[in-house]
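Engineer: This structure is in structure tokens; I'll ask about it shortly.
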Amino acid sequence: MSADEANRNKIDTTVKEKPAYVEDIWRNRAVKWNFSRFLVLIISLLAIGLSIFHIYTAGFGTLPSWQQRSIHVLWAMLLIFLLFPFRKGKDFGILDILVVLLTLATSFYMITEAEAILSRQGNISAADTVFGTLFIVLVLEATRRTNGILMASVGIFFLVYTMFGQYFPGALAHPGIRYEKMVDHMFSGTLGIFSAPVYVSSTVLILFVIFGAFLIRSGGGQFFTDAAFGLLGNKTGGPALSSVGSSALVATITGNGAANAAITGSFTIPLMKKLGYSKRFSAAVEAVASQGGQIMPPILGASVFIMAETIGIPYIQLALFALIPAVIYFFIAGMVVYFHAKRLKMAGIPREQLPDFRKVLLKQGYLFLPIILIIALMVYGYSPMKAGFYATIATILLSWIRKATRMNLLDILAALENGTRNALAVVAACATAGIIVGSVSLTGLGITFSRFVIDVAGQNLLLLLLLVAIASIIMGMGMPTVSAYVILAVLGAPALIELGVNVVAAHFFVFYFGVLSGLTPPVAITAYTTAGISGSDPLKTAFYAMKIGLGGFFVPFIFAYNPVLLMQEGSPLEIAIATGSALISCAFFAAALEGYLFSELGALKRLLSMGGAILLVTPGFLGDIIGLALVIGLVVWQWRIRTDDTVEEKQIIR
């Protein structure tokens, strides 16, 4: 094939990002101005302004806690009410104008009266009660518009529980809290809405979302994608394996499964379909990879920042602890894809149609340096906020190395706008999560719930893990991972810790299932996003994604029983042995799921493969020996069958 033909046949791996409003305004600046265009300009300026506010406070010092957090939430809510109409799909109307005016009035009161509000904490005035009530209602409405009715309903339920606890049954009952005291707790201090979730959101989380927007705008997302396709694209199952790799890398900087699926899925899914993969399989692979990006270091999803604040362990240490389970998750997904391709005899993409991996590294490898900088700064002792600030500045400067990635003023403004807009749903979710945290601290629900589930489980750890896993998936349905994690961190994790689960393992357990709820029907947001791109049935896609990602549901149980995989309670040798055992287990787990090892696996062989996989990760020396014997026996059995089949084929040919 000639060079021209090779270029014509090149696989298009272009990462397409939705244009920012500021770009549309600039490109269409000759268009006649009307109310809609004026509104778009206001939204763009507000979004850019919020990003600049957070970059400035990260670099030069934050405001006092309550002021920083309140400005963060109020500014985000104003943007939400301008961007998301009262009724989805409708135009900006009278009701939206009313809500915006109420938000402005509340903002004026809270900003001008900040010191007075704090001084009256515990003895709030009538005006505080009125504006506090209005603020709580606005938070719930902003959450409904961005995260759906389910998340807002959870917030309302906890408010009702706080005030009317005396009407709840059994152990869940409490004396009830006066309305003014409830508003005071939620609004006036930093124990309710402005508690840990909003603290993290207003300092670290939004900054990393802004950083992600700059990294994608500078070409970082394209670099990750080209590198993944250049490295894996020509292998068996290459397109799907490349999808797993590129989606994992891009999702680790977006921190959002559904958003990542929309970015990378727009080209990985059509490519997989073009090369012979079914619609359902293509969508399911992308969903599993995109959702799993939230568990992949170094950046992970937003929840880990809150986890660091909750359990008092530096974020960079949690990122290190998350490494082995994340590798295991993607290893299982990759092996399922590989065995699927082998079973269907599907080849990879010809190398001449793929990006050249070495050239990609040489030309664009510098785009990975900001992530290395984040890790280095946090290891050296800088806060995540400072690390995010310097990494954002470094991303802009590094983009100027080559003309193809150079960010101009319009690119910088677009990244600032997209950073804020990408963070809005999480800010609203964190504010409602603050209502939940406030309710739990005010009523003592955390201790009550822990005792309740322990009593139901009867001190049986496996049963408790299953109960918490089911609760995690149910809680996570239709919610951002950060919201699901906050609820489960205050309700489920303490119960696990009380029955002897390592603290880090307990929090990662509920975090993992909060992430995986994005794949589980009936509200599998990420799977439904990829199904829309591929044209497959959403529910069938979600169930197939669960099959491909089943190892992800398996991993949390492994580290709950064996925290060595989280680098807890073990020597380097024990960690290495446990990791090797887990990876072997995962390979046979994937073989059992797909029904293929070296050739097709019948029912008995699949059972042996699954049994060996489970025994290899079950604590205890005897289980490891039996599991190893089963998988070795299966390999020998399969290899002999394959050898016999090869001999027969040669004899037939002769």
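Engineer: With +1 on each Lys and Arg Cβ and -1 on each Asp and Glu Cβ, and nothing else charged, work out how big the dipole of the stretch 21-198 is about its Cα centre, in Debye to the nearest 20.
Structural biologist: The calculated dipole for the stretch 21-198 is roughly 500 debye.
Engineer: Could you compute the net charge surrounding Ala171? Neighbours are other residues with a C-beta less than 12 Å from the C-beta of Ala171; K and R count +1, D and E count -1.
Structural biologist: Neighbourhood net charge equals 0.
Engineer: Sorted from largest down, give the three principal axis spans of the alpha carbons of the stretch 21-198, whole angstrom values.
Structural biologist: Cα spread of the stretch 21-198 along its principal axes, largest to smallest: 65, 39, 27 Å.
Engineer: Tell me the label only: which of (1) 95, 68, 47; (2) 119, 64, 53; (3) 89, 65, 57 is Cα extents along the principal axes in Å as calculated from this structure?
Structural biologist: Given (1) 95, 68, 47; (2) 119, 64, 53; (3) 89, 65, 57, the calculated one carries the label (1).
Engineer: Given 0.36 nm per residue, what is the gain on full extension from Lys88 to Leu410 after removing their alpha carbon distance, in nm?
Structural biologist: 113.0 nm
Engineer: Now a separate question. Quick check on my link table: of Lys273/Lys540; Lys88/Lys273; Lys88/Lys274; Lys274/Lys363; Lys18/Lys386; Lys235/Lys540, which ones sit more than 25 Å apart, alpha carbon to alpha carbon?
Structural biologist: Pairs exceeding the cut-off: Lys88/Lys273; Lys88/Lys274; Lys274/Lys363; Lys18/Lys386; Lys235/Lys540.
Engineer: Of Ile193, Val204, Gly419, which is farthest on the positive side of the dipole of the chain, counting Cα position, with +1 on Lys and Arg Cβ, -1 on Asp and Glu Cβ, and the Cα centre as origin?
Structural biologist: Gly419
Engineer: Of Leu373, Phe305, Ser242, whose Cα points farthest to the positive end of the dipole of the chain (charges on the beta-carbon: +1 Lys, Arg; -1 Asp, Glu; origin at the Cα centre)?
Structural biologist: It is Ser242.
Engineer: So if I take the centroid of the Cα atoms in the stretch 349-394 and the same for the stretch 265-326, what is the distance between those two points in Å?
Structural biologist: Here the answer is 17 Å between Cα centres.
Engineer: Let me ask another. Using Cβ counts within 10 Å as a stand-in for footprinting exposure, how do Tyr485, Tyr21, Tyr167, Tyr109 rank, fewest first?
Structural biologist: Arranged by neighbour count, lowest to highest, Tyr485, Tyr21, Tyr167, Tyr109 become Tyr167, Tyr109, Tyr21, Tyr485.
Engineer: Let me have the 222 nm mean residue ellipticity of the chain computed from DSSP H runs of 4+ only, each contributing -39500 (n - 2.57), with the sum over all residues rounded to the nearest 500.
Structural biologist: Helix-only estimate at 222 nm: -24000 deg cm²/dmol.
Engineer: What ranking do 222-230, 341-349, 57-65, 442-450 get when scored by the average of other Cβ atoms within 10 Å per residue, highest first?
Structural biologist: 222-230, 442-450, 341-349, 57-65
Engineer: Report the calculated FRET efficiency for Ser119 and Thr62 (r = Cβ-Cβ distance, R0 = 25 Å), to the nearest 0.05.
Structural biologist: 0.75
Engineer: Once you list every other residue whose beta carbon is under 13 Å from the beta carbon of Ala114, what net charge do they have if Lys and Arg are +1 and Asp and Glu are -1?
Structural biologist: With Lys, Arg at +1 and Asp, Glu at -1, the neighbours total -1.
Engineer: What angle, in degrees between 0 and 90 and rounded to the nearest 10, separates the Cα long axis of helix 35-60 from the longest principal axis of the Cα atoms of the chain?
Structural biologist: 80 degrees
Engineer: Shifting gears a bit: Using the Kirkwood radius over Cα pairs, work out the Stokes-Einstein diffusion coefficient for the stretch 450-573 at 10 °C and 1.306 mPa s, in µm²/s as a whole number.
Structural biologist: For these conditions, the coefficient is 106 µm²/s.
Engineer: Please label the shape of the stretch 171-245 as rounded, prolate or oblate, based on the square roots a ≥ b ≥ c of the eigenvalues of the alpha-carbon gyration tensor (a/c under 1.5 means rounded; beyond that, a/b larger than b/c means prolate, else oblate).
Structural biologist: It comes out oblate by the Cα gyration axes.
Engineer: Work out the length of the dipole vector of the chain about its Cα centre, built from +1 on the beta-carbon of each Lys and Arg and -1 on the beta-carbon of each Asp and Glu, and round it to the nearest 20 debye.
Structural biologist: 1640 debye
Engineer: Does anyone have the angle between helix 94-112 and the longest principal axis of the chain? Alpha-carbon axes, 0 to 90°, nearest 10?
Structural biologist: Once rounded, the angle reads 70 degrees.
Engineer: Separation of the stretch 15-65 and the stretch 554-615 by C-alpha centroid, Å?
Structural biologist: 48 Å
Engineer: Tilt of helix 220-232 relative to the longest C-alpha principal axis of the chain, in degrees (0 to 90, nearest 10)?
Structural biologist: Result, in degrees: 10.
Engineer: Here is a follow-up. Between Arg27 and Leu362, how high is the FRET efficiency from 1/(1 + (r/R0)^6) when r is the Cβ-Cβ distance and R₀ = 30 Å? Nearest 0.05.
Structural biologist: Given R0 = 30 Å and the Cβ-Cβ separation, E is 0.35.
Bear in mind that the values in this text are calculations on the coordinates, not laboratory data. Because the structure is a prediction, the values reported are computed rather than measured. Glycine also receives a Cβ, built like all others from the backbone with ideal geometry; neighbour counts cover every protein chain displayed.
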